[in-house]
Amino acid sequence: MDLKGDRRRTGQKLDMDLVVHGALFHDLGKSKTHSIEHGKLGADLGKQLGLSTAITDIMEKHIRGGLTEGEAGELGLPAKDYRLKSLEERIIIYADRLVDIITDGVVEKDSEAEDRFEEILTQNMKYRKNDLTLKRYLGYHREIQGLMRKTDENQLGQ
């Protein structure tokens, strides 16, 4: 199945192969540690496995929704820009946060995770981490939900 260019939910042309593989492998480093270094360790493991740079970049950069160089240095990570640049990267981290909320039993129905995302992150440090991370996650939520609303409206208008 060729997933390139899938537009079902966002209306955007996406590399769905990258989304699927990035989502599948982004936490590989947790096989070694659950610390903040799991992104870097996972990317190193991914390189050893021959995964593409696009996938290993996702593995390395997904920590706290994509850190600035300064934040990375403060957390003891190699000082570099970990910010998420592509929509595919932002979809993966947004989905990761939604899955955490669902699997932790914070919501009764899966659909509530999207509906209550802002409320849950604002009220729970476990998911927001700090104010900068919260701002990033809320930005991804608003961006992706906005794309999905626009797609729904376009489909209703056809």
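Computed from the coordinates by the stated procedures, all read-outs in this text should not be read as laboratory data. Being a predicted model, the structure only gives us computed values, none of them experimental. Ideal geometry is used to build each Cβ from the backbone, glycine not excepted, and the neighbour counts take in all protein chains shown.
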Which label in (i) 10.2; (ii) 8.7; (iii) 12.9 gives the computed mean projected area of the Cα convex hull in nm²: (i)
Helix 16-25 axis, angle to the chain major axis (alpha carbon atoms, nearest 10°): 40
Size of charge dipole - segment 14-157 - debye, nearest 20, with Cβ of Lys, Arg +1 and Asp, Glu -1, no other charges: 360
Nearest-ten-degree value, helix 38-48 long axis tilted from longest Cα axis of the chain: 80
Neighbour-count ranking [beta-carbon atoms within 10 angstrom, fewest first] of Leu77, Leu84: Leu77, Leu84
Residue-wise HN-Hα coupling along segment 69-78, computed from phi with Karplus coefficients 6.51, -1.76, 1.60 (Hz; x: Gly, Pro): 4, x, 4, 4, x, 4, 8, x, 8, x
3J(HN,Hα) from dihedral phi, segment 54-68, Karplus parametrisation 6.51/-1.76/1.60, rounded to Hz, x for glycine, proline: 4, 6, 5, 4, 4, 4, 7, 8, 6, 4, 6, x, x, 8, 6
Residues Lys150 and Asp100, FRET efficiency given R0 of 30 Å [Cβ-Cβ distance, rounded to 0.05]: 0.70
Cross-link table Lys30/Lys135; Lys13/Lys109; Lys13/Lys47; Lys32/Lys109; Lys13/Lys40; Lys30/Lys80, entries beyond 23 Å C-alpha to C-alpha: Lys30/Lys135; Lys13/Lys109; Lys13/Lys47; Lys32/Lys109; Lys13/Lys40
Residues whose placed amide H lies under 5 Å from that of Asp15, excluding near-sequence neighbours: Gly5
